[in-house]
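Notes follow once the structure below has been shown.
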Amino acid sequence: MSTPVPMDRASERLWRERGQDPRDLEALVGRILSYIHTVLPRPPSSAHGPALLAALLPHDDLDRLSLLPDELLCNVVSRLPVADAARTGALSRSWRGVWRSAPLVLIDSHLLRSGGAQDDPGLQVARADARRVTSAVSRILASHPGPFRCVHLTTSYMEEFRGLLARWLQLLAVKGVQELVLANRPWPLDLDLPAAFFGMPTLTRLYLALWKFPETAGLPRAAGFPNLRELGLCTVVLEARHMDFILARSPVLQILCLQGNLLMDRLTLRSHSLRCVQMISASDLEIGLEDAPQLERLIIWSAMGSIREGITGSCKRITIGHVPILSIIGYLEPELHTLVVGNTIIKAGTKAIPTTMVPTVKILGFKVRFGVRKEAKLLPCLLGCFPNVERLHIESKKTSEPTGKLSVKFWEGSGAIECVQSHINLLIFRNFRGERSELSFLKFFLERAHKLKRLVIVFGKGTFTSMSEAKSKVKPLYDAKWASKCCSLLLFECFFAEGQGAELENFERGSNFSVRDPFAVIVRA
């Protein structure tokens, strides 16, 4: 449960004028902050650093610390909370001055009085404690010569320190900050980032949360992020032109993560460096993969319907243009997305021809309402666009108004699907509820997938009363004539109840290129 977060007085007054309980707004803010925290990078240093350091201390009179090389001492200091790192000079002669020479990690939540272990900006922070932390951050930024390897500023109420924030950013720019996580607390939401934000040429990783992106018109030609490789924007107010500016001024950017962003109505990817784009709850957003020759992954963990128009089922286009090495795409949702390949809008009945195919994709994900006939009818056409898919992930979505209980005969009318017949070796089917429409699709698939080695069926926690009941639901699948002689069926319960999806909403897995399949989820037998 999220802890309520104190709001500013203006927001409280406005909430009361609308006849609403300010405590409801506080709880909402707490949920928003906790949700955003799930997608922010984890700090490289631990709030439990003192315990780790105590383990290094000698238990006799021999000063073993003085024997350690300076490089190792600097590494140890960089993994400590900043206050404890500053105190290491008292341990030994060899530690004196290490704090000032080590590339520093500054996590402002480690400075809180409430235990010092608070890394979650969704938790309640008293304003007095936040002000004390703000003062401590100012002293540290002024006293340490740099460089700053990593800085997380997620605790201060920045509307009270607007001038101070600009000063902080100037100091970080001068002292060579490499990784920066900067979150507002979060009112007012339209708080502008200072112009000093654009003067950080050493940045390699940047995450912003709950800000209004600064105006880019009129900025000098040199403004930009020449070394930025990873960018995360979490509930940031910005327009499409601002994103165009960022991409144009970030020549080595490889990873772009968007979560719940506001006002932006389109994302046009023109970048010769981007390798991975991830989105969570990116509402009302058209996506155009126009010219991204290095793009390998387009991952949409969750999407939302049209907010601006308020029209149920309003679909936004995902256009696939010049992306010659795109290998992972998902989750596409026929309810919310319209797929366009080249100049062709993929509809029910669209034939799979070379101009409508994306042959490079090997891992593909869909979220489908099998109880809605038009979505089920579209699925074979969408699969036909990706002829070489080897791993298919399908999530069955609930619908309150089903339009038909589809039989195997319905699926047989779709004809041959290249990836199903010749390439898919793994199908993971999530949110299985044992409905007739789901079983019909799975039977159809099993009877045509000659290369299938594993069918993994995952049901949400609490969907069935027992594993025995779950097994009884999949029993009809064994009546089908399986095309593959070496296929095994695995049945698992997910750790999470259907609709929670907390295990998916994590940017770390999606942007970790050592993880072959970012759509894999943790399940249990």
Of the numbered conditions (1) at pLDDT below 95; (2) not in a loop (DSSP other than H, G, I, E, B), Leu364 satisfies every one except a single condition; which is it? (1)
Failed condition for Asp84, given (1) of a type in the set (D, E, K, R); (2) surrounded by fewer than 13 Cβ atoms within 10 Å (Cβ to Cβ); (3) modelled with pLDDT of 75 or more: (2)
What are the residues in the stretch 318-341 that are outside any strand (DSSP E or B) and at pLDDT 95 or above, if any? Val323, Pro324, Ile325, Leu326, Ser327
Check the stretch 478-486 and report whether any residue there is open to solvent by less than 60 Å² (accessible area, probe 1.4 Å) and acidic (Asp, Glu). no
For the stretch 327-345, what are the residues that are buried (at least 18 other Cβ atoms within 10 Å of the Cβ) and of a type in the set (A, V, I, L, M, F, W, C)? Ile328, Ile329, Leu332, Leu336, Leu339, Val340, Val341
Could you tell me which of the residues Ala166, Ala217, Ala222 is open to solvent by 10 Å² or more (accessible area, probe 1.4 Å), small (Gly, Ala, Ser), over 24 Å from Gly510 (Cβ atoms) and in contact with a helix residue (DSSP H, G or I) (Cβ under 8 Å, 6 or more places away or on another chain)? Ala166
Of the conditions (1) among the charged types (D, E, K, R); (2) over 33 Å from the mean Cα position of the chain (by Cα); (3) at pLDDT 95 or above, Arg454 satisfies every one except a single condition; which number is it? (2)
Among the residues of the stretch 38-67 satisfying the criterion of being aliphatic (A, V, I, L, M), more than 18 Å from Cys150 (Cβ to Cβ) and open to solvent by less than 60 Å² (accessible area, probe 1.4 Å), which is modelled with the highest pLDDT? Leu65
For Leu439, the lone unmet condition from (1) surrounded by 15 or more Cβ atoms within 10 Å (Cβ to Cβ); (2) aliphatic (A, V, I, L, M); (3) touching a strand residue (DSSP E or B) at 6+ places or on another chain (Cβ under 8 Å) is (3)
Scan (1) open to solvent by less than 80 Å² (accessible area, probe 1.4 Å); (2) at pLDDT below 85; (3) not hydroxyl-bearing (Ser, Thr, Tyr) for the single condition Ile522 breaks and write down its number. (1)
Taking the stretch 415-430, which residues are buried (at least 17 other Cβ atoms within 10 Å of the Cβ) and touching a helix residue (DSSP H, G or I) at 6+ places or on another chain (Cβ under 9 Å)? Ile417, Glu418, Cys419, Val420, Ile424, Leu427, Phe429
Checklist (1) crowded, with 23+ Cβ neighbours inside 10 Å; (2) more than 21 Å from the chain's Cα centre (by Cα) applied to Trp211, failing item: (2)
Number of positions in the stretch 396-419 that are at pLDDT below 80 and farther than 21 Å from Arg430 by Cβ: 3
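The values are calculated or read from the model by the stated rules, or taken from the named source; none is laboratory data. Computed from a prediction, not measured in an experiment: that's the story for all the values here. Every residue, glycine as well, gets a Cβ built from its backbone with ideal geometry; the counts of neighbours run over all protein chains shown. To get the accessible areas, we keep the full protein, side chains included, count just its heavy atoms, and leave off ligands, DNA and RNA. Shrake-Rupley method; radii C 1.70, N 1.55, O 1.52, S 1.80 Å.
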